Amino acid sequence: MESNNTKQKVFSGIQPTGTFTLGNYIGAVRNWPLLQDEYDCIYSVVDQHALTVRQDPATLRKRTYEAAAMLLASGIDPDKSLVFIQSHNPVHSQLSWILACNTQFGELSRMTQFKDKSAKHPDNVNGGLFTYPVLMAADILAYNAHQVPVGVDQKQHVELARNIAQRFNANYGETFVMPEALIPKVGAKIMSLQEPTKKMSKSDENPNAFILLLDDEAAIMRKFKRAVTDSDGVVKYDVENKPGVSNLMGIYNVFTGKSFEEIEKEFDGAGYGVLKEAVGSCVYQTLKPVQDRYNAILSDKAYLEKVLKEGSEKAIAYSQRLLNKVYRKVGFVQFK
Ligand code: ATP
Ligand code: LTN
């Protein structure tokens with residue numbers, strides 16, 4: 001990433017809370033490499049965000065490397081984009097404090113992810129979980145990112161980042177670019193294979209509910225075979241009345257490029273078993289090369305560490321300048 005060119009910036013992050021799911025891939029990660037020619041892209045493994053839920057330290061460390069390897073395996077090219085670990089750049093937390101002082105308690109209380117996660121972990125409703133979206137706003141605003149490619153569940157957080165940026169700009173003068181959520185037209189919310197009205201999530205207790213990017217062929221085929229559909233046996237795209245079948249069709253559409261009409265025709269009279277097998281097989285075909293690249297990258301720790309080091313050095317240099325500007329604007333005495 002060259003800091004002196006005029007390309008707009010893209011920022012996105014993913015938590016190292018487990019192996020990525022097909023939902024993470026379709027809704028977010030798969031789209032990230034597609035932006036690297038048009039934009040200066042900055043992608044981060046957001047380990048600080050992961051800490052809002054209790055983590056085993058050794059597992060978190062391992063998953064952080066794995067997440068970085070998966071980003072590279074998915075097509076992010078470190079010669080074009082920055083890939084780094086969030087905690088390696090202190091600017092995120094430094095900016096986060098300033099932004100927190102410009103965010104209202106009421107705004108944070110309205111965040112649905114906070115409500116969901118505090119209901120899920122009632123014994124650990126910590127301050128970090130509450131201020132999570134402020135750190136996310138800092139991630140985005142620290143690079144003056146124009147576009148933030150995410151799944152639809154993160155739209156509310158990006159909107160909050162916009163509100164914070166707008167408020168700061170109004171109080172202190174033009175400082176931050178107004179970021180926009182870049183949400184894919186299809187696949188912005190891949191549903192659980194077991195409860196198709198719920199988002200597919202890597203932290204689901206039922207492993208049949210999600211496809212992991214590292215699942216082998218047998219696991220992929222088995223999970224699709226067991227996917228919950230309905231009883232009328234007609235392959236038709238109707239999210240409201242046929243959420244399970246529509247979810248499978250959405251996945252098939254993303255990987256084959258076939259329209260819903262074409263898919264309906266292809267499986268006319270065939271029944272769900274045939275559809276499930278076709279979906280499983282195209283998912284496996286797509287994931288196999290990603291898995292192979294992932295294994296190669298993960299086994300070359302020196303390469304991975306080099307990429308992450310270079311990524312964080314550039315990320316620090318870029319965001320530090322913005323932080324200096326923010327410090328000046330709010331009235332902090334310059335450190336000499
Ligand atoms: P967790 O289950 O630990 O809360 P998660 O699976 O929701 O995690 P995140 O790390 O929070 O994953 O999300 C990374 C990116 O993947 C975000 O941009 C998010 O919008 C996207 N994403 C997550 N789940 C889905 C899904 N089911 N469909 C589409 N996009 C998704
Ligand atoms: N909150 C996001 C992860 C995330 C992110 C970001 C996404 C942290 N910081 C900045 C986009 C931009 C999530 O839970 N998926």
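At-a-glance table
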read-out: Computed Rg/Rh of the chain, alpha carbon atoms with Kirkwood Rh; value: 0.99
read-out: Mean-position separation - Cα centroids, the range 27-48 and the range 177-254, in angstrom; value: 22
read-out: Sum of side-chain charges, P133 neighbourhood, beta-carbon under 11 Å (Lys, Arg +1; Asp, Glu -1); value: -2
read-out: For G27, net neighbour charge (Lys/Arg +1, Asp/Glu -1) across residues whose Cβ lies under 10 Å away; value: +2
read-out: Inter-part distance where the range 266-312 and the range 114-131 are each reduced to a Cα centre, Å; value: 32
read-out: Radius ratio Rg over Rh of the range 123-227, counting only Cα atoms, Kirkwood formula for Rh; value: 1.11
read-out: Helix 272-298 axis, angle to the chain major axis (alpha carbon atoms, nearest 10°); value: 40
read-out: Set of aspartates and glutamates near K7 by C-alpha distance (under 12 Å), chain-local residues within fewer than 8 positions excluded; value: D37, E38, D40
read-out: Relative contact order (%) - the range 36-172, alpha-carbon pairs under 8 angstrom, separation at least six; value: 27
read-out: The chain - mean residue ellipticity at 222 nm from DSSP helices (-39,500 (n - 2.57) per run, n ≥ 4, rounded to 500); value: -16000 deg cm²/dmol
read-out: Cα-centre dipole for the chain with unit charges at Cβ (Lys and Arg positive, Asp and Glu negative), debye to 20; value: 1000
read-out: Relative contact order, percent, the range 177-280 [alpha-carbon distance under 8 Å, six or more residues apart]; value: 26
read-out: Bridge type composition, the chain - antiparallel percent by DSSP, nearest 5; value: 10
read-out: Highest-fluctuation residue, H88, H49, H121 considered, GNM on the chain with Cα pairs under 10 Å; value: H121
read-out: Out-of-range pairs (alpha-carbon distance over 23 Å; input K185/K306; K155/K198; K155/K306); value: K185/K306; K155/K306
read-out: Mean Cα-pair separation over length for the chain, i.e. relative contact order, pairs under 8 Å, 6 or more apart, %; value: 22
read-out: Helix axis angle, 127-141 relative to the chain longest principal axis, alpha carbon, degrees; value: 80
read-out: Around D300: net Lys/Arg minus Asp/Glu count, Cβ-Cβ under 13 Å; value: +2
read-out: Protection proxy ranking of 50-60, 25-35 - average other beta-carbon atoms within 10 Å, highest first; value: 25-35, 50-60
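Each reported figure results from applying straightforward, stated rules to the coordinates on display, with no laboratory input. No experiment lies behind these values; they were computed from the predicted model shown. Quick reminder, even Gly has a Cβ in these numbers, built from the backbone with ideal geometry, and neighbours come from all protein chains shown.
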